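Scroll down for the structure; my scribbles are underneath it.
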Amino acid sequence: MRIHVIQTGTVAIKQVQTRGRSSGNPILNILLDPKWTEPLPIYAFVIEHPEGLIVVDTGETARVAEPGYFPWWHPYFRFAVREWVKPEEEIGPQMRALGFEPDDVRWVLLTHLHTDHAGGLAHFPKAEHLLSRREYANDIGVLGLVRGFLPNRWPRWFQPTLFDMQPEPVGAFQTSYTVTQAGDVHFVPTPGHTVGHLSVVVTTPEVTYLLAGDASYTQELMLNEQVDGVSVDRQRARRTLEQIHAFCRATPTVYLPSHDPDTPDRLANRQLAIASPASNTALIVGKEKSYA
Ligand SMILES: [Zn+2]
């Protein structure tokens, strides 16, 4: 199994969005913050798995540069986010450059449907798209649009396979949803950033990878358990960060958020979130198995 990271352009957001304030209205805090982040990478992942090619999130589309792509009336899109994506930076062309055909992808796993994770959906009309039922219900329709999703921009054919979490623990997570027959790729619930946000846990004999979507913008923010500025339920978001932190303490984990500039280096060097976790054995479906 091999994991590849693909950068589909960059995004700048308000600084208060990455590390939120515990007081005030989250949206107002963001709109009123005069300080922008540097342009942050937008990552998506391709997993070469014996059961087929897996894509985790689809990155952003170059269409963000089209006038009117974002709803003009929406204060977040109007005042609080800027994105830069060239056509050749979309996930489709980049996969082909790596020697993969997007039509060969078996599963597209979606952490959530914010535009910088769902922008590349159009490249995968033939794949099965997997998404939490809870997240989908939150992101669709006019309410989804008001909440900052772009359901009007998803491909017409987009009909994800929706699932609920199953009572099968994976490390610190009490529930999960297993994708592969081999039982080495799971969704785990990481709500906070969005109500149905999921992360993807990939277990290999050497190390466990946690593809965290936007559970935190950087590894440091996760280790400090610092909730972001868009989480509606800050308590729930903090519990998620505590759980991820506990997961990384218990098992050797490479932590890979979607916008952390260190993600590619960490992936390439298998750099652990916590250098000496409690056990030096990789996680296998709720149990731990030694490879010594
Ligand atoms: Zn997001």
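Taking residues in the range 112-129 that are away from the ligand (no atom under 16 Å from the Cβ), and partners anywhere that are of a type in the set (F, W, Y), the pairs with Cβ atoms closer than 9 Å and at least 6 places apart or on different chains are A122/W154; A122/F158; P125/W157; P125/F158; A127/W107; E128/W107; H129/W107; H129/F158. If you check R266, R236, R270 for being of a type in the set (K, R), open to solvent by less than 40 Å² (accessible area, probe 1.4 Å) and farther than 16 Å from V56 by Cα, only one passes: R266.
Is it fair to say V185 is out of contact with any helix residue (DSSP H, G or I) (no Cβ under 6 Å at 6 or more places or on another chain), within 23 Å of Q7 (Cβ to Cβ), modelled with pLDDT of 95 or more and within 16 Å of the ligand (Cβ to nearest atom)?
No.
Of everything in the range 146-171, what is open to solvent by less than 30 Å² (accessible area, probe 1.4 Å) and either among the β-branched types (V, I, T) or in a loop (DSSP other than H, G, I, E, B) (or both)? Give them in sequence order. Within the range 146-171, G148, F149, L150, P155, F158, P160, V170 qualify.
Residues in the range 120-140 that are assigned to a helix (DSSP H, G or I), open to solvent by less than 40 Å² (accessible area, probe 1.4 Å) and not acidic (D, E): 2 in all.
Residues in the range 32-87 that are among the hydrophobic types (A, V, I, L, M, F, W, C), in contact with a helix residue (DSSP H, G or I) (Cβ under 9 Å, 6 or more places away or on another chain), more than 21 Å from V201 (Cα to Cα) and free of Cβ contacts under 8 Å to residues at least 60 places away in the same chain: L32, W36, A62, V64, W72, F79. Applying the criterion of being part of a loop (DSSP other than H, G, I, E, B) and open to solvent by 80 Å² or more (accessible area, probe 1.4 Å) to the residues of the range 1-24, the residue that is modelled with the highest pLDDT is M1. Residues that are away from the ligand (no atom under 16 Å from the Cβ), at positive phi and in contact with a helix residue (DSSP H, G or I) (Cβ under 8 Å, 6 or more places away or on another chain) occur in the range 165-178; there is at least one.
The values are calculated or read from the model by the stated rules, or taken from the named source; none is laboratory data. This one's a predicted model, so the numbers in the text were calculated from it and none came from an experiment. Cβ sites come from the backbone with ideal geometry, for glycine too, and all protein chains shown count toward neighbours. For the accessible areas, the whole protein counts, side chains as well, though only heavy atoms, and no ligand, DNA or RNA atoms are used. Shrake-Rupley method; radii C 1.70, N 1.55, O 1.52, S 1.80 Å.
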